[in-house]
Every structure is written in C-alpha cells, then in structure tokens.
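Below is one structure, written out as structure tokens; the observations come after it.
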Amino acid sequence: MYSTLISASELRVLIDRGTPPLLFDASFDLADPSAGALQYQQEHVPGALYAHLDHDLSAQADDLPASGGRHPLPSRERLAQWLSAQGLENGRQVVVYDRNSCAFAGRLWWMLQWVGHGAVAVLDGGLTAWKAAGGALESGPVQPSVVPSAFRLESSLRSWVDVAQVLAALGQPAQTLVDARMPARYRGEFEPLDPVAGHIPGALNRPFTDNFGTDGCFKPAAVLRAEWEALLAGRDPASVVHHCGSGVTANPNMLAMEWAGLGKTTLFAGSWSEWCSDASRPVAHGAA
C-alpha cells in the first residue's frame, strides 16, 4: 500500500500488473477555476477522473460545511457519497496528481485519509514526471466505473482543528503554527485573495514550494527532514498545525513532514481566510 508518495515508475508497475489504482487528476488554477478541467480534457493519465477543487473538494450550498474559510471542507458524509459516485471501493489503492506542485492533489490526499482511506498516495512530480517517464496519455472525459457497494466511512486517519482551537492555543508550546503561503503574503506585503493581509501571530513560514527540487519532485526525505528540523528549531514536530490561505496548499507541507519521517501533523482547515474574517483576532506583519 502506498500512503504518501508514489513515483511514476512505481505507478507504471501497478498499471502494468493489471490492478491499476483509482486515479484522480486534481489540477486547478485559483485565478481561473475552469483551467484545470480544460487541461484535464486535453491530456491526463489514462483512466484518471477529474476532481474539481470548488465543486468536488469543497462544501456546497446544500451541505453542512465541516470547516470555515474560502474552501470549507464538505461533510465526511458528502465526501463519501462523491467517492462512491467515482467508483471507489474501500481498500483500493488511490493515486492523486496535479500540474501544480501537489497544491491540489495534496488536498484530496488529505481528504481521503480524513474519511479513513489510508491507501492513497500522491504521484511524485505530478503529470510532468509521468510524461518524463514515458507514461501514456489520453484526452477527453472518463466515466466512473461505479461498483455496487458504496464507499463506507471509516475512522479518520487525519486530525484538524478549527479557528476557536487555534485561537485558544495561540502562543502555547503545544501548538506550532506553520504558514504555507509565499513569504510576501505571510509578511503582509500584499494579499490577492483575502480581505486582510498578514499572518497569525507566532506562525512560522514554510512556503509549500520549498519542498520540491528543480525536477518538481519532493526533495529526498533526509533533506526535507533537515530543513524542517531547522525551521522548527527544537519544537516538537507533533505540535505542528499547518495552514495556508484556505486549507489547500498547507497539505504539501504536511506530506513533506511525513515523507521526512517526522510523523503525522494537524491541519487548520479554515486557515488564514477564516482567521482574518473576524477583526477581533490578532494579525501580525513582517518576518517572524
């Protein structure tokens, strides 16, 4: 079972064995929400289904959101319904990828584990690595192969906290906040998506893109471990609470820590977009 990363060559072996995993393409563009679906239509890994951040991986108007922020989590029940509609059976290997440095594939990776599905891995390097390895491509939509039995919710394999919990633990050693946004947004020099610029007081900054090498793949585990330990500077890795703008690009940081052998950590799902929605919550500017 793959539960963190899978290489393009490892994925090809699974497919060639005749027991292919269920594949999802989660490519997306925050500035152009229709772009990811168009890219998917043009080319994708054979058999891959498309997962849209706004429509499939976020709460809808007729669902009770599990979290706040710009991309609130759907209820676990709604997510299980969607997974059933995609033909997912409990226990089947899932592989997720995108064209965005794991920014959106990481969201689906986390969500699947949140509903108790541990057999899910991110394709290291995404579609670029697949193409570089000579992987086949196809175009056009793929229809889900629906199975008779519905996907069953299992005990969650992931933990997350809401804004009240983050606020209550602010400044305490039991909580180490790590912000995955780019440095200029973290410092509050500009804010393209949310109404307030800045960061949560005390949060460390680790842009999610820092986890990747020049080839677009995650850096070696030993390198990542050294970088994360330097950032944490003696803080307990288990205390880390990851966040970003809306709970999406924080997930590559979480995956990087786990790949580096630093264990499972926690997500602040509402992230900065939820935090800054209430003017009574403190805001910091500049470097940490």
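The values are calculated or read from the model by the stated rules, or taken from the named source; none is laboratory data. The structure presented is a predicted model; accordingly, all values stated were derived computationally and were not measured. Cβ coordinates were reconstructed from backbone atoms using ideal geometry, including for glycine residues, and neighbour counts include every protein chain displayed.
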| query | Out of all the residues in segment 164-176, is one or more in a strand (DSSP E or B) and in the same structural domain as residue 231 (by TED's automatic domain parsing)? | reply | yes
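Output the residues belonging to segment 7-34 that are more than 20 Å from residue 216 (Cα to Cα) and either surrounded by 15 or more Cβ atoms within 10 Å (Cβ to Cβ) or among the aliphatic types (A, V, I, L, M) (or both). Give the derivation first.
Going through segment 7-34, the residues more than 20 Å from residue 216 (Cα to Cα) turn out to be 13-22, 31-34.
Of everything in segment 7-34, those that are more than 20 Å from residue 216 (Cα to Cα) and either surrounded by 15 or more Cβ atoms within 10 Å (Cβ to Cβ) or among the aliphatic types (A, V, I, L, M) (or both) turn out to be 13, 14, 15, 20, 21, 22, 31.
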| note | Taking segment 73-99 and keeping residues surrounded by fewer than 21 Cβ atoms within 10 Å (Cβ to Cβ) and under 13 Å from the mean Cα position of the chain (by Cα) leaves none
| task | Kindly indicate whether any position in segment 45-67 is crowded, with 21+ Cβ neighbours inside 10 Å and at pLDDT below 95. | result | yes
| field | Of all residues making up segment 249-261, the number that are more than 13 Å from residue 106 (Cβ to Cβ) and either surrounded by fewer than 20 Cβ atoms within 10 Å (Cβ to Cβ) or assigned by TED's automatic domain parsing to the domain that holds residue 72 (or both) | value | 1
| Can you tell me which of 99, 107, 70 is part of a loop (DSSP other than H, G, I, E, B), in contact with a Ser or Thr (Cβ under 9 Å, 6 or more places away or on another chain) and over 15 Å from residue 130 (Cα atoms)? | 70
| query | Restricting to helices (runs of 4 or more DSSP H) lying wholly in segment 181-288: which have 1 or more residues that are over 15 Å from the mean Cα position of the chain (by Cα)? | reply | 183-187, 221-232, 271-275
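From the list 107, 152, which one is basic (Lys, Arg) and at pLDDT 95 or above? Don't jump to the end; show me each part of the working.
Values: 152 fails: at pLDDT 95 or above.
It is 107.
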| Condition check for residue 246: in contact (Cβ under 8 Å) with a residue 60 or more places away in the chain, of a type outside the set (Val, Ile, Thr), within 20 Å of residue 110 (Cβ to Cβ) and surrounded by fewer than 24 Cβ atoms within 10 Å (Cβ to Cβ) | no
| note | Checked against (1) in contact (Cβ under 8 Å) with a residue 40 or more places away in the chain; (2) surrounded by 15 or more Cβ atoms within 10 Å (Cβ to Cβ); (3) within 24 Å of residue 118 (Cα to Cα), residue 70 satisfies every condition except (3)
| request: Would you please name the residue that is farthest from residue 163 (Cα to Cα), looking only at residues in segment 263-275 that are surrounded by 20 or more Cβ atoms within 10 Å (Cβ to Cβ) and out of contact with any strand residue (DSSP E or B) (no Cβ under 7 Å at 6 or more places or on another chain)? | output: 273
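Among the residues of segment 61-70, is there at least one that is within 18 Å of the chain's Cα centre (by Cα) and within 20 Å of residue 217 (Cβ to Cβ)? Reasoning before the result, please.
Within segment 61-70, the subset within 18 Å of the chain's Cα centre (by Cα) is 65-70.
Restricting the remaining residues to those that are within 20 Å of residue 217 (Cβ to Cβ) gives none.
Within segment 61-70, none of the residues are within 18 Å of the chain's Cα centre (by Cα) and within 20 Å of residue 217 (Cβ to Cβ).
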| From 62, 56, residue being closer than 22 Å to residue 243 by Cβ and among the acidic types (Asp, Glu) | 56
| note | Among (1) in contact (Cβ under 8 Å) with a residue 40 or more places away in the chain; (2) assigned by TED's automatic domain parsing to the domain that holds residue 11; (3) charged (D, E, K, R), residue 152 falls short only on (2)
| task | Mind counting the residues in segment 80-96 that are part of a loop (DSSP other than H, G, I, E, B) and small (Gly, Ala, Ser)? | result | 2
| field | Subset tally (residues that are within 22 Å of residue 239 (Cα to Cα) and either without any contact (Cβ under 8 Å) to a residue 60 or more places away in the chain or surrounded by fewer than 13 Cβ atoms within 10 Å (Cβ to Cβ) (or both)) for segment 184-203 | value | 1
| Is there a residue being touching a strand residue (DSSP E or B) at 6+ places or on another chain (Cβ under 7 Å), buried (at least 18 other Cβ atoms within 10 Å of the Cβ), farther than 25 Å from residue 191 by Cβ and without any contact (Cβ under 8 Å) to a residue 24 or more places away in the chain anywhere in segment 101-108? | no
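Which ones in segment 110-126 are assigned to a loop (DSSP other than H, G, I, E, B) and of a type in the set (A, V, I, L, M, F, W, C)? So that I can check it myself, show each step before the final result.
Keep residues of segment 110-126 that are assigned to a loop (DSSP other than H, G, I, E, B), which gives 115-119, 124-125.
Selection gives 115, 119.
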